[in-house]
1. Could you compute the net charge surrounding residue 44? Neighbours are other residues with a C-beta less than 13 Å from the C-beta of residue 44; K and R count +1, D and E count -1.
2. Over segment 4-45, with every protein chain in place, what whole percent of the accessible area is carbon and sulfur at 1.4 Å, could you tell me?
3. So, with a 1.4 angstrom probe, what is the percent of accessible area on segment 91-130 that is carbon and sulfur?
4. Residues with amide H under 5 Å of residue 124's amide H, sequence separation 5 or more or different chain, H placed in the peptide plane at 1.01 Å from N; which?
5. Would you please classify the overall shape of the chain from the alpha carbon gyration tensor, given that a ≥ b ≥ c denote the square roots of the eigenvalues, rounded means a/c under 1.5, and beyond that prolate means a/b larger than b/c while oblate covers the rest?
6. Given Cα pairs under 8 Å that are at least 6 residues apart, what percent is the relative contact order of segment 1-41?
7. With a probe of 1.4 Å, find how much accessible area the chain has per residue, and write the answer as a whole number in Å².
8. Just to check I understand the Karplus step: with θ = phi - 60° and J = 6.51 cos²θ - 1.76 cosθ + 1.60, what whole-Hz values come out for segment 73-81, glycine and proline as x?
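The values are calculated or read from the model by the stated rules, or taken from the named source; none is laboratory data. Predicted model only: the values in this text are computed from it and were never measured. Note: ideal-geometry Cβ built from the backbone for every residue, glycine included; neighbour counts use all protein chains shown. What goes into the accessible areas is simple: the full protein's heavy atoms, side chains included, and nothing from ligands, DNA or RNA. Shrake-Rupley method; radii C 1.70, N 1.55, O 1.52, S 1.80 Å.
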Amino acid sequence: MDEILDAALRPVLRDLAGVDPAVRVRLRDDDWSGDPGRPSAMLRGSGGTGAGVAVLRDDPPGLRVADAAEQVQEWAVKELAAVGASNWPVCPAHPGTHPLRAGLRSGQAWWECPHTGDGVAVVGELGDRR
């Protein structure tokens, strides 16, 4: 897998690892974009769902992580729906209302509450808050 994409996905997948054990992602090295400036791969789930993920090579590292987090989150919500949940990552301030969203703070990717804008955890460190 392209090292730029791997570095962007690694923290997001670390956060995803703490989710329901029924949701397991398989990453397939599949450069479906065909664009050297946009490395890509495929996410596959146990339920057969799949989604492409890609980042822009020229973006700053934090932005690439935030972008990857948004794409993985979209896939994960669909995977979780199959097991009766669809709120990932759960907003600790509003657990039954909405998931966190990926954002950028001082050049670093963060999970934030979409309602208040408060930062909850750096992407990749969500599990450290459990």
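1. Residues near residue 44 contribute +1 overall.
2. Exposed carbon and sulfur together represent 51 percent of the surface.
3. With neighbouring chains kept in place, the figure for segment 91-130 is 46 percent.
4. 15
5. oblate
6. Relative contact order, segment 1-41: 44 percent.
7. Heavy-atom accessible area per residue stands at 51 Å².
8. Computed from phi, the couplings for segment 73-81 are 4, 4, 5, 4, 4, 5, 4, 5, 4 Hz.
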